[in-house]
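The values are calculated or read from the model by the stated rules, or taken from the named source; none is laboratory data. Predicted model, so just to flag it, every value in this text is computed and none were measured. A quick note on method: Cβ atoms are made from the backbone with ideal geometry, for glycine too, and the neighbour counts reach across all protein chains shown. Heads up: the accessible areas ignore ligands, DNA and RNA and are worked out on the full protein's heavy atoms, side chains in. Shrake-Rupley method; radii C 1.70, N 1.55, O 1.52, S 1.80 Å.
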Amino acid sequence: ELSTRIEKVQGDLAKAKDSAQDERVSFIRRIRRLEDLLTEAKEREIVSANDQSITVAGLEQRIAEAESDLVKERQTSTERAEKDYAEMQRLQDQLDKAQSEILQGRSKCLDLQIDLEQLMVEVAG
């Protein structure tokens, strides 16, 4: 019975050694895979950094172009606003003149109406 237990313990020990060896091999494989992934990530990061620097340069150029366009648009917009304001002033002057003429016409009309009423009074009287 003791020898059976010893054989059983030796068998369990052999299985444990095999299992430990399998785990060790598996662990080494995982470490190597992680090292490969890390190397790959670093390579991608370098490529990405290069791409980003190219992208940043492109974006900086696009920003400079957009700022230039904005300055031009502001200038054009300012010129357009000045022209529109001048036109509005011209139209306002015309409106003021027309209103003044209307008021003068009304005044003359009232004067004529008063004269007409006086004539009617004279004719009637």
Filtered residue count, the range 95-125, keeping only those that are open to solvent by 90 Å² or more (accessible area, probe 1.4 Å), polar (S, T, N, Q) and modelled with pLDDT of 90 or more: 3
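On the given criteria, is LYS8 of a type in the set (Lys, Arg), at pLDDT 85 or above, out of contact with any Leu (no Cβ under 7 Å at 6 or more places or on another chain) and in a helix (DSSP H, G or I)?
On the way: of a type in the set (Lys, Arg): yes; at pLDDT 85 or above: no; out of contact with any Leu (no Cβ under 7 Å at 6 or more places or on another chain): yes; in a helix (DSSP H, G or I): yes.
No.
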Those residues of the range 61-90 which are open to solvent by 100 Å² or more (accessible area, probe 1.4 Å), modelled with pLDDT of 85 or more and under 18 Å from the mean Cα position of the chain (by Cα), in sequence order: GLN61, GLU67
